[in-house]
Each structure stands twice: as structure tokens, then as C-alpha cells.
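Peer 1: Following this message is one structure expressed as C-alpha cells.
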């Protein structure tokens, strides 16, 4: 698309050039003693502002160049669900009751010992029976929103109550992972949804529609993949992920990466899909299975003293590549090599990616699966 915008200085110079062509008088933009220059400079500011507005309108017409606000309008114009808002993570924690009577109110706040991040109960518990003494599991959520609130450790993460609760120990332990926390939908995610809609016809009863239903059901859904006839004729599986939405940011910052949805989210999406489904297909919402993916990266450096630092950078890029793969994507060693080059190519003399899953050539992610890093071998050439 054409570049409409011009700066005031560019426009001033063009006006002075035209003035010279007409009058044969050459003026500089800095000749502020001349009335013509003063008028041209003032007029250029106005023209530049108009051109900037025209450029914005031109850019926002096309999703590929649209601003964040314009992308939100593109979603609305296509009757797609609105931009996904950031979400809290949720899980189960174990509280130790030391005596009765006991009352643990909803919204009881506790902090993770590792970093002080705050969580709270979303259900209450009270009892005067001696049977209540011991461990009590309660549904909890993060106080803040975002993917950084997810906890990938299965259980045993330590927390401490922010304020004392009578007859309840201060120490709290996680009993499950904390899942479903996500960042606000990024511009690239919105653009991807728009492009999928534009390229794949949504008839209201095909696979594209099932994926749309899943995203409409909850903002916690990050991706949705519909699979045709996985359990026989007239069946559809809708595989959803939640949690980490910005893989690169999570890997770079050392954040937990969780993409498996909670059972509660799966149930919510299932109910919505069944309500909206206009066909007689047997539609089932499922969480994906995680499969380890092995990669070997061999490389040679100009300066071998940098190997330890470069190993860390390559490992990050490998993890980003693996975590970002979606069901149905075909992975190419050369694609990962280009990503490594973009990150540390100025330090590397040569490199090769091999042991690409079951094949050294390409690997296609099976439907219903997501990849996690398996054995990543980073080495020099032997």
C-alpha cells in the first residue's frame, strides 16, 4: 500500500522547490526572514497532519497494517469474539486446620514464598466438627491477571497466609497446578484470528465454526483446534489450550509455561459448544496431550570462550520454537536454523539442526497434541 505520510520538513522542501521552479528564486527552509518560508513552514505542518490521518485510515483498512484499536474493530466487523482480556490462574491449595471451630472465608489472601505473588481462596470453608481438623483443599485463584501467575509444578508449592486465620496454620501448599492465566490477546493473535476467518469460510457448522465457538465460550481459551471424525463418522473433537499466550515472553523471562486447560474450563467450553452447535455432530471438547520433542543442535563458534553463553541463547530459541508449534504445523530444521541465526548468527561460524523428532527432515505435529521440549542436545561439531 502507498506511503502517504510526509514530514513537515519534507513538505516544506517540496513547496520551496516548486516556488523555485516558478520564480527562479532559491530559498532555504532556514530563511526565516522571508515571508514565503514562514508561510510554507506553517502550511507544511497542516498538510503533514492531514497526510498522517490519511495514512492511519489507509493502514487501518487492512488488518496487516492496522493499529490495535483497528484490529479490535476488524474483529467486531466479522462478528468474532472481542479481544481476549487477561485472565487469572486457578488451582487448588491445601490448608491445615489445627483446631475447631474454624472458618476460612472466601478471598483469604496468601503469598507464594518464592516471589511474594498473591493468591486467594474463591470458596469458603467453616466447621465446628473435630473431623475438620487436618487438611482441607480449597479452590483458589491468583490476585493478579496474566500468564506469569500460572504454576506448572504439580503440587507442593509453598505459600504463607498474608494475615492469620484462627485455628489455621500459616503455611499453605498447592495441591494442583495453577492454570488458565493468560495475558491480554496480543495484536499478532488478533491478526491471526482475522486471517483465519478471512481464509477459511465459517458456515456456522463446519470445523472453523467449532473453533470460533470455543473462543467465544471463554477468554481463557488461547487456541482451539477442531478435528474431524476422530471417533468415527459425525464426530468432532475441539482441542483447546489455555494459560501461556506469549511463549517468547515467557521463555525469555523464565516464567512457567502452562497450556493445558483446567477441567472447569473444558466443561465451560463443552457446554457452550453444545448450546451453539447447529449440527447433529457429536462434539467433544478435550485438552491436548503433551509430547516430548527431541532436538540436537551442533554449531561452531568464532570464539569458543562464548560457548556457555551461546548455549543458553540457543536453548531459549529451541524452547520458543517447540512451545510455539501448533497441531498440524510442519516443523523444518532449516526454519529453526534461521531463528538461531537471527539470534546469535553473528557469533556462529556454522550450525546444523538434526534429530528432528522421528525424522531428520521434517515433523508434523499430530492433531490433538502439543509439544514440550524433550532432550535438547547442544554441542560442537564432532
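Peer 1: With the structure loaded, tell me whether residue 303 is exposed (fewer than 13 other Cβ atoms within 10 Å of the Cβ) and in contact with a helix residue (DSSP H, G or I) (Cβ under 8 Å, 6 or more places away or on another chain) or whether it fails that test. Before you say what the answer is, go through the steps one by one.
Peer 2: Numbers: exposed (fewer than 13 other Cβ atoms within 10 Å of the Cβ): yes; in contact with a helix residue (DSSP H, G or I) (Cβ under 8 Å, 6 or more places away or on another chain): yes.
Yes, satisfied.
Peer 1: To continue, here is another question. Mind checking which pairs have a first residue in the stretch 328-339 that is free of Cβ contacts under 8 Å to residues at least 24 places away in the same chain and a second that is assigned to a helix (DSSP H, G or I), Cβ under 7 Å, 6 or more apart or different chains?
Peer 2: Pairs found: 339/317; 339/321.
Peer 1: Which residue, of 369, 335, is farther than 23 Å from residue 301 by Cα, outside the structural domain of residue 224 (by TED's automatic domain parsing) and at pLDDT 90 or above? Quick ask: steps written out before the conclusion?
Peer 2: Numbers: 335 fails: farther than 23 Å from residue 301 by Cα.
Sole residue among the options that is farther than 23 Å from residue 301 by Cα, outside the structural domain of residue 224 (by TED's automatic domain parsing) and at pLDDT 90 or above: 369.
Peer 1: Take the residues of the stretch 43-69 that are part of a helix (DSSP H, G or I), at pLDDT 80 or above and touching a helix residue (DSSP H, G or I) at 6+ places or on another chain (Cβ under 6 Å): which is farthest from residue 185 (Cα to Cα)?
Peer 2: By that ranking, first place goes to 44.
Peer 1: Still on this structure: Does residue 132 count as in contact with a helix residue (DSSP H, G or I) (Cβ under 9 Å, 6 or more places away or on another chain) and either crowded, with 16+ Cβ neighbours inside 10 Å or closer than 25 Å to residue 88 by Cα (or both)?
Peer 2: On the way: in contact with a helix residue (DSSP H, G or I) (Cβ under 9 Å, 6 or more places away or on another chain): no; either crowded, with 16+ Cβ neighbours inside 10 Å or closer than 25 Å to residue 88 by Cα (or both): yes.
Criteria not met by residue 132.
Peer 1: Quick one: residue 77 ticks every box in (1) at negative phi; (2) modelled with pLDDT of 85 or more bar one, so which box is it?
Peer 2: That leaves (2) as the condition not met.
Yes or no, residue by residue, for (1) part of a helix (DSSP H, G or I); (2) buried (at least 20 other Cβ atoms within 10 Å of the Cβ):
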residue: 163; (1), (2): no, no
residue: 171; (1), (2): no, no
residue: 190; (1), (2): yes, yes
residue: 194; (1), (2): yes, no
residue: 197; (1), (2): yes, no
residue: 216; (1), (2): yes, no
residue: 226; (1), (2): no, yes
residue: 251; (1), (2): yes, yes
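Peer 1: Go through 15, 75, 71 for me and flag whichever is without any contact (Cβ under 8 Å) to a residue 60 or more places away in the chain and not assigned by TED's automatic domain parsing to the domain that holds residue 158. Outline the logic, then answer.
Peer 2: Values: 75 fails: without any contact (Cβ under 8 Å) to a residue 60 or more places away in the chain; 71 fails: without any contact (Cβ under 8 Å) to a residue 60 or more places away in the chain.
Exactly one residue qualifies, and that residue is 15.
Peer 1: A further question on this structure: Can you work out which of the residues in the stretch 262-288 that are surrounded by 20 or more Cβ atoms within 10 Å (Cβ to Cβ) and in contact (Cβ under 8 Å) with a residue 60 or more places away in the chain is farthest from the chain's Cα centre (by Cα)?
Peer 2: Top of the filtered list is 283.
Peer 1: Also: When you scan the stretch 283-300, do you find a residue that is in contact with a helix residue (DSSP H, G or I) (Cβ under 8 Å, 6 or more places away or on another chain), assigned to a loop (DSSP other than H, G, I, E, B), farther than 19 Å from residue 220 by Cα and modelled with pLDDT under 95, even just one?
Peer 2: Looking only at the stretch 283-300, we keep the residues that are in contact with a helix residue (DSSP H, G or I) (Cβ under 8 Å, 6 or more places away or on another chain), and these are 283-287, 293, 295, 297, 299.
Next, only the ones that are assigned to a loop (DSSP other than H, G, I, E, B) stay: 287.
Still in the running and farther than 19 Å from residue 220 by Cα: none.
Looking through the stretch 283-300, none of the residues is in contact with a helix residue (DSSP H, G or I) (Cβ under 8 Å, 6 or more places away or on another chain), assigned to a loop (DSSP other than H, G, I, E, B), farther than 19 Å from residue 220 by Cα and modelled with pLDDT under 95.
Peer 1: What is the one condition in (1) crowded, with 17+ Cβ neighbours inside 10 Å; (2) within 25 Å of residue 222 (Cα to Cα); (3) in contact (Cβ under 8 Å) with a residue 60 or more places away in the chain that residue 104 does not satisfy?
Peer 2: (2)
Peer 1: While we're here: With the structure loaded, tell me whether residue 259 is part of a loop (DSSP other than H, G, I, E, B), under 21 Å from the mean Cα position of the chain (by Cα) and under 16 Å from residue 321 (Cα atoms) or whether it fails that test. Spell out the reasoning first.
Peer 2: On the way: part of a loop (DSSP other than H, G, I, E, B): yes; under 21 Å from the mean Cα position of the chain (by Cα): yes; under 16 Å from residue 321 (Cα atoms): yes.
It is true that residue 259 is part of a loop (DSSP other than H, G, I, E, B), under 21 Å from the mean Cα position of the chain (by Cα) and under 16 Å from residue 321 (Cα atoms).
Peer 1: While we're here: Just a yes or no: is a residue in the stretch 110-133 outside the structural domain of residue 257 (by TED's automatic domain parsing), free of Cβ contacts under 8 Å to residues at least 12 places away in the same chain and under 28 Å from residue 260 (Cα atoms)? Break it down into steps so the answer makes sense when it comes.
Peer 2: Quick first cut of the stretch 110-133, residues outside the structural domain of residue 257 (by TED's automatic domain parsing) only: 110-133.
The next check asks that each one be free of Cβ contacts under 8 Å to residues at least 12 places away in the same chain; those that pass are 115-116, 131.
Adding the requirement that they be under 28 Å from residue 260 (Cα atoms) leaves 115-116.
Within the stretch 110-133, one or more residues are outside the structural domain of residue 257 (by TED's automatic domain parsing), free of Cβ contacts under 8 Å to residues at least 12 places away in the same chain and under 28 Å from residue 260 (Cα atoms).
The values are calculated or read from the model by the stated rules, or taken from the named source; none is laboratory data. What you see is a predicted model, and the numbers here were worked out from it, not measured in a lab. Don't worry about glycine lacking a Cβ; one is built from the backbone with ideal geometry, like all the others, and counts go over all protein chains shown.
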